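Below is one structure, written out as structure tokens; the observations come after it.
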Amino acid sequence: MYLEIVTPDRKVFEGEVSAATFPGTNGAFQVLSNHAPLISTLAKGPLKYIVNDKESIIIVDGGVVEVLENKIIVLAEAVEDAE
């Protein structure tokens, strides 16, 4: 799957991932390959994604995520590194 994370002022991440977990407004949810189309709002919390069996975590401060045909686009209000 292709994941793109952007904020109003920069592109945070762009690349292939095997899984991604989002802090949805109504609770956390995970997206895997061939996920059904989805649009959701995001709450403040950890956004986790896995690249080559390595998990990365960033904190998003609200936003929107769209999942369509193995492409995930995250429009985040702001992000901060969790590491």
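The values are calculated or read from the model by the stated rules, or taken from the named source; none is laboratory data. Just so it is clear, the model here is predicted, and its values are computed rather than measured. All Cβ positions, even for glycine, are placed from backbone atoms using ideal geometry, and neighbour counts span all protein chains on display. Side chains included, ligands, DNA and RNA excluded: accessible areas come from the protein's heavy atoms. Shrake-Rupley method; radii C 1.70, N 1.55, O 1.52, S 1.80 Å.
Among Ile50, Ser18, Ile39, pick out the residue whose Cα is farthest towards the positive end of the charge dipole of the chain, where Lys and Arg carry +1 and Asp and Glu carry -1 on C-beta, about the Cα centre.
Final value for the positive-end residue is Ile39.
Do me a favour and compute the ellipsoid semi-axes for the chain from its Cα gyration tensor, root of five times each eigenvalue, largest one first, whole Å. Numbers along the way, then the final one.
On the way: eigenvalues 55, 42, 30 Å².
Gyration-tensor ellipsoid for the chain: 17, 15, 12 Å.
Determine the per residue accessible area of the chain with all protein chains present and a 1.4 angstrom probe, expressed in square angstrom. All intermediate terms of the calculation are to be shown ahead of the outcome.
On the way: 4850 Å² over 83 residues.
Result: 58 Å² of accessible area for each residue.
Which of the aspartates and glutamates could a cross-linker bridge to Lys54, judged by Cα under 19 Å and excluding same-chain residues fewer than eight apart?
Leaving aside aspartates and glutamates fewer than 8 places away in the same chain, those within reach of Lys54 are Glu4, Glu14, Glu16, Glu80, Asp81, Glu83.
Given Cα pairs under 8 Å that are at least 6 residues apart, what percent is the relative contact order of the chain? Could the numbers behind the result be given before it?
Details: 212 pairs, mean separation 25.9, N = 83.
Relative contact order, the chain: 31 percent.
Go through Tyr49, Tyr2 and list them by solvent-accessible area, largest first, probe radius 1.4 Å.
Details: Tyr49 20, Tyr2 60 Å².
From most exposed to least exposed: Tyr2, Tyr49.
If you roll a 1.4 angstrom probe over the protein chains with everything in place, what fraction of the accessible area of the chain belongs to carbon and sulfur, to the nearest %?
Values: 2400 of 4850 Å².
C and S atoms contribute 49 percent here.
Scale the Cα Rg of segment 1-41 by the rule-of-thumb value 2.2 N^0.38 Å and send over the ratio, two decimals. Don't skip to the answer; put the middle values down first.
Working: Rg = 11.2 Å, N = 41, 2.2 N^0.38 = 9.0 Å.
Computed over Cα atoms of segment 1-41, the ratio equals 1.24.
How big is the charge dipole of segment 29-83 about its Cα centre, in debye rounded to the nearest 20, if each Lys and Arg gets +1 on its Cβ and each Asp and Glu gets -1 on its Cβ?
Numbers: 4 positive and 9 negative charges, 37 e Å.
Dipole of segment 29-83, to the nearest 20 debye: 180 debye.
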